[in-house]
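Asks: Please read through the structure below; I'll follow up with questions.
The values are calculated or read from the model by the stated rules, or taken from the named source; none is laboratory data. Everything numeric in this text was worked out from a predicted model, so none of it was measured. Please note: Cβ atoms are built from the backbone with ideal geometry, for glycine as well, and neighbour counts cover all protein chains shown.
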Amino acid sequence: TDPALIRNFCIIAHIDHGKSTLADRMLQITGVVDDRSMRAQYLDRMDIERERGITIKSQAVRLPWDGHVLNMIDTPGHVDFTYEVSRSLQACEGAILLVDAAQGIEAQTLANLYLAMNADLNIIPVLNKIDLPAAQPEKFAEELAGLIGCDPSDVLRVSGKTGEGVRELLDHVVRTIPAPVGEADAAARALIFDSVYDTYRGVVTYVRVVDGHLGKRERILMMSTSATHETLEIGVISPEPKPADLGLGVGEVGYLITGVKDVRQSRVGDTVTSATKPAGEMLAGYEHPKPMVFSGLYPIDGDEYPELREALDKLQLNDAALVYEPETSAALGFGFRVGFLGLLHMEIVRERLEREFGLSLISTAPNVIYQVVMEDGKEFTVTNPSEFPAGGKIATVREPITKSTILAPSEFIGAIMEICQGRRGQLLGMDYLSEDRVEIRYTLPLGEIIFDFFDQLKSRTRGYASLDYEPAGEQEADLVKVDILLQGEPVDAFSAIVHKDKAYTYGVDMAKKLRELIPRQQFEVPIQAAIGARVIARENIRAIRKDVLAKCYGGDISRKRKLLEKQKEGKKRMKMVGRVEVPQEAFVAALSTD
Ligand code: GDP
Ligand code: MG
């Protein structure tokens with residue numbers, strides 16, 4: 001295709017503002033999907049995406065429109081996947097900024113808009129859902145125009161549901177988004193903006209050709225790893241994969257298949273070039289995915305450990321950002337320490353493990369990565385509280401911080417500031433987007449955000465606040481490790497790294513919880529919370545004489561036997577911490593947030 005006839009664009013929107021629905025309408029209106037085979041959210045392929053209404057993996061579709069080729073690149077909308085979003089944006093020249101006409105701008109709208117502006121994209125502001133009785137197009141057109149610096153009359157209005165305004169929007173894309181530019185005769189360079197594992201075909205790599213040409217049966221080179229492969233198939237998606245025998249030229253968007261079985265061999269952000277005539281320089285901006293949040297994952301039934309390992313191995317084929325290594329816990333048995341990009345990523349992985357692999361899992365409280373420097377100058381990285389030095393010779397601890405943006409109706413300013421202050425937040429600034437909506441910016445430790453922050457924010461603002469955050473380096477902080485001990489034995493799964501001001505609350509809460517959950521033993525069991533050797537909280541489980549048979553008054557033999565059997569079965573699910581028998585359920589219950 002002549003690059004002058006190509007338009008590459010994406011849709012950026014806050015969750016639920018109607019991106020998938022609008023994409024569906026575009027597929028239908030351009031005739032790529034006929035009315036008979038249309039089903040809702042055609043492009044959201046994973047079940048979990050469709051159910052939760054979020055887009056995890058981006059996709060690209062080619063739409064013919066008015067003599068042009070439009071490539072619509074779907075981006076994941078969530079903060080955990082900012083890097084993936086930025087690569088998808090890099091593959092485009094323009095972006096449709098889609099805003100729900102009944103809701104207005106939200107935190108993710110802003111975050112993604114800033115990414116799009118950084119990538120120098122042409123922005124088309126669009127209000128969606130204008131069919132809704134609650135829509136306030138005048139008000140929000142003004143908000144949107146103020147934000148990107150255009151006239152309110154430049155804001156398009158559509159309904160992805162009814163299709164109103166969608167044709168005009170497609171025309172607008174052709175008219176205002178620049179055609180791609182690249183050097184047709186140069187060595188091939190294509191940006192990988194997504195790569196997806198497919199059980200039947202292996203890894204499907206989505207690329208945007210920047211310079212040159214990629215063909216079928218060509219030896220290609222992945223520039224970040226120097227690995228070479230052969231393109232077995234190359235083509236475009238419209239809306240199903242269609243092989244293109246002529247290959248892909250400047251500005252084109254499509255997929256290639258080389259037979260590799262693991263997405264880590266075809267990394268998002270990497271540059272594909274020809275192995276026989278390689279480009280001198282790779283495209284800018286490649287980054288290795290970096291896990292930010294860690295948690296222990298254990299099978300509730302210890303026998304399922306091999307299945308858990310297998311499931312993680314399989315998931316990793318499709319998720320280059322997922323990392324894990326085996327770990328053993330006295331309380332929970334054999335499991336894995338798993339690294340995630342963020343909280344949503346963690347939830348998605350856990351849900352997929354449970355749903356697609358039928359596992360029942362328990363996870364320890366999430367933690368971030370800490371940099372610890374000892375007084376003797378030794379330095380190390382802690383991704384697991386159990387690796388945190390017990391006390392004494394620590395010189396400094398550094399933790400990751402974020403720049404967080406919260407959008408909410410202005411009546412909630414007080415509540416929001418209270419939550420942020422309570423989590424060591426530092427106010428960076430505040431702006432009114434309209435009379436009654438504000439944007440509040442804070443520096444917040446990532447470790448505070450991953451601990452129940454979002455739920456609190458939602459409940460204190462009746463669901464109206466939206467949050468977005470980006471990494472903003474590290475800071476020194478007064479952090480300590482709190483251990484929980486049963487009869488003097490530490491229970492590893494409950495150790496946590498917390499700010500010194502919160503250590504006491506954490507210790508007291510945990511000790512109380514465990515006192516309620518652990519059954520009485522034949523002897524007294526002290527529960528302690530401690531920082532190093534210093535005990536900061538203490539509870540006691542009083543002793544009982546635990547003789548179940550005494551209840552049976554001699555007589556009934558079969559009843560006695562039943563009781564003994566029941567007790568034996570119960571034992572299997574008991575964990576020993578020193579001399580203390582703890583039912584695994586107690587640990588599970590103590591770890592699950594209420
Ligand atoms: P996404 O999260 O941005 O992909 O949003 P979806 O496309 O999944 O839409 C979220 C919800 O809004 C769904 O319940 C849609 O049916 C609804 N929705 C999307 N577009 C429109 C629209 O134009 N009008 C109305 N009334 N509802 C819409
Ligand atoms: Mg969607």
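To keep it simple, each residue is scored yes or no on (1) within 19 Å of VAL268 (Cα to Cα); (2) of a type in the set (Val, Ile, Thr); (3) free of Cβ contacts under 8 Å to residues at least 24 places away in the same chain.
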{"residue": "SER153", "(1), (2), (3)": "no, no, yes"}
{"residue": "LEU156", "(1), (2), (3)": "no, no, no"}
{"residue": "ALA187", "(1), (2), (3)": "no, no, no"}
{"residue": "VAL196", "(1), (2), (3)": "yes, yes, no"}
{"residue": "VAL204", "(1), (2), (3)": "yes, yes, no"}
{"residue": "VAL210", "(1), (2), (3)": "yes, yes, no"}
{"residue": "THR228", "(1), (2), (3)": "yes, yes, no"}
{"residue": "ILE234", "(1), (2), (3)": "yes, yes, yes"}
{"residue": "VAL253", "(1), (2), (3)": "yes, yes, no"}
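Asks: Please pick out the residue among ASP376, ASP319 that is in a loop (DSSP other than H, G, I, E, B), farther than 24 Å from GLY202 by Cα and acidic (Asp, Glu).
Replies: ASP376 is the lone residue from the list that is in a loop (DSSP other than H, G, I, E, B), farther than 24 Å from GLY202 by Cα and acidic (Asp, Glu).
Asks: If THR396 satisfies every condition in (1) in a strand (DSSP E or B); (2) under 22 Å from the mean Cα position of the chain (by Cα) but one, which is the exception?
Replies: Among (1) in a strand (DSSP E or B); (2) under 22 Å from the mean Cα position of the chain (by Cα), THR396 violates only (2).
Asks: Would segment 245-258 turn up any residue that is among the β-branched types (Val, Ile, Thr), under 24 Å from PHE336 (Cβ atoms) and in a strand (DSSP E or B)?
Replies: No, that holds for no residue.
Asks: Which of (1) at pLDDT below 85; (2) part of a strand (DSSP E or B) is the odd one out, the single condition ILE544 does not satisfy?
Replies: (2)
Asks: Go through segment 432-457 and count every residue that is under 17 Å from PRO409 (Cβ atoms) and charged (D, E, K, R).
Replies: 5
Asks: Next question. Test VAL99 against the stated conditions and say whether it is at pLDDT 85 or above and either charged (D, E, K, R) or within 21 Å of VAL155 (Cβ to Cβ) (or both).
Replies: yes
Asks: Another one. Does ILE105 satisfy the criteria of being touching a residue at least 12 places away in the same chain (Cβ under 8 Å) and crowded, with 23+ Cβ neighbours inside 10 Å?
Replies: Answer is yes for this residue.
Asks: Go through (1) over 26 Å from ALA95 (Cα atoms); (2) modelled with pLDDT of 95 or more one by one and return the number of the condition TYR197 breaks.
Replies: Of everything listed in (1) over 26 Å from ALA95 (Cα atoms); (2) modelled with pLDDT of 95 or more, TYR197 misses just condition (2).
Asks: Which ranges mark the helices (runs of 4 or more DSSP H) fully within segment 415-531 that have 1 or more residues being free of Cβ contacts under 8 Å to residues at least 24 places away in the same chain and crowded, with 18+ Cβ neighbours inside 10 Å?
Replies: So the answer is 500-517.
Asks: Follow-up question, since we're still on this one. Give the residue, chosen from ALA116, ALA134, ALA141, that is in a helix (DSSP H, G or I), among the aliphatic types (A, V, I, L, M) and either closer than 19 Å to ALA102 by Cα or modelled with pLDDT of 95 or more (or both).
Replies: ALA141
Asks: Hey, another quick one. In segment 119-139, how many are in contact with a His (Cβ under 8 Å, 6 or more places away or on another chain) and either of a type in the set (A, V, I, L, M) or surrounded by fewer than 16 Cβ atoms within 10 Å (Cβ to Cβ) (or both)?
Replies: Total satisfying the criteria: 1.
Asks: Collect the residues in segment 115-155 that are out of contact with any strand residue (DSSP E or B) (no Cβ under 9 Å at 6 or more places or on another chain) and either under 30 Å from GLU84 (Cβ atoms) or of a type in the set (Val, Ile, Thr) (or both), keeping them in residue-number order.
Replies: Matches in segment 115-155: ASN118, ASP120, GLY149.
Asks: Separate question: Does VAL181 fit the bill of being buried (at least 16 other Cβ atoms within 10 Å of the Cβ) and either on the phi < 0 side of the Ramachandran plot or in contact with a helix residue (DSSP H, G or I) (Cβ under 8 Å, 6 or more places away or on another chain) (or both)?
Replies: No.
Asks: Quick one: would you say ALA186 is surrounded by fewer than 21 Cβ atoms within 10 Å (Cβ to Cβ) and within 14 Å of ligand 1 (Cβ to nearest atom)?
Replies: So ALA186 does not fit the description; no.
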